[in-house]
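The values are calculated or read from the model by the stated rules, or taken from the named source; none is laboratory data. All figures in this text were calculated on a predicted structure; none of them were measured in a lab. Heads up, the Cβs are rebuilt from the backbone with ideal geometry, glycines too, and the neighbour counts pull from every protein chain shown.
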C-alpha cells in the first residue's frame, strides 16, 4: 500500500493565529478575495431589496392616485362586479375571478402530473432515464409564452370544442388558457417536487422496505408525506406563476371583463387586461392609466398573500433530518 504523505507542521498550522500568550486562535485569517466576494454578494442583496421596494413604491403611489380620483370608490372597487373605467364602473371582481379560474385549472393540471413525474424520477427511474427525461421536461420552460398562447388558441380550444360542442365552448375561453398554463408550469412543479422527494433520507425508504412495504406504498405513504413541505412550496410557487402569466391569457382567454365562473366562456384576467389597455394610446394621469396600477397592486397583494401562506405551510410541515 502506498504510504500517506506526512503533513508538514507549517501546513497543519496554516490558518491559525497565535496570540501573545502562545495559545492558538481558531479564527480564520481574512483574505482580500473573500472580502471582495462577500462585499459583492451583499451589494447584490441590497440591490434586489431596493428594487423590490422601488416597485412596491411606484405601484402604491400610482394606485393611490387612482383611488384619490373623485369618480373612484374603494368600496365599489372591492365589492362590485363590473369593470368598465371608461363609463365609471370600477368593480375588480370580473378580472379577479377570471384569474382565479385560469389559475385553479392550471394547478389542477400541473400538480397531479408534476407529482407523478417527480415520483417516477425520484423512486422508479434509472439514472439514464432521469438524465434523459428531466432535460426534456425543462425544455418546456424555455418555450416562449406567446407560443403557448397560440397553442391554446389553435389546438386546445378546437379540441375542447370538438369534445364539448361548439355551442358550449367559446372560441376564447379560460379553460384552454388554464390547461396550457398548467403545461407551462409543469416543469416547475416536477422539478421542485423531485428535489424535495430526493432530499428524503434513504434510511426511511429502507425502513419501509424492511417492514414489507412495496415500492409504491413506500413512495406514497413514506416518501411523499416526508417531502410534504417542499411539495407544498412547489404548489404555492406554481400558483403564483399561474397568477402572473400574461401572454397565454391575453391571446386565448378573451379580451373583455366578464364576471363568470364558467371556464368555457371568454373572460379577461388581470394581466390580460393590463396588456390590452397598456397597448393602446393612454395619456398620463388618465383614469385608464391609473387603473392599471390599481390592478397591478391587487395582483401583487394576492401574490404576497400566497407567499406568506407558503412560508407558514413550509414551517408547519418541515421535516428536519440529521
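Odds and ends about this structure:
- Looking only at the range 303-319, and only at residues there that are part of a helix (DSSP H, G or I) and touching a helix residue (DSSP H, G or I) at 6+ places or on another chain (Cβ under 6 Å), the one that is modelled with the lowest pLDDT: 317
- Residue that is surrounded by the fewest Cβ atoms within 10 Å (Cβ to Cβ) [pool: residues in the range 242-267 that are under 21 Å from the mean Cα position of the chain (by Cα) and either outside the structural domain of residue 160 (by TED's automatic domain parsing) or in a loop (DSSP other than H, G, I, E, B) (or both)]: 246
- Residue 263 under 30 Å from residue 86 (Cβ atoms) and touching a strand residue (DSSP E or B) at 6+ places or on another chain (Cβ under 7 Å): no
- Residue check, residue 78 at pLDDT 90 or above, surrounded by 10 or more Cβ atoms within 10 Å (Cβ to Cβ) and not assigned by TED's automatic domain parsing to the domain that holds residue 172: no
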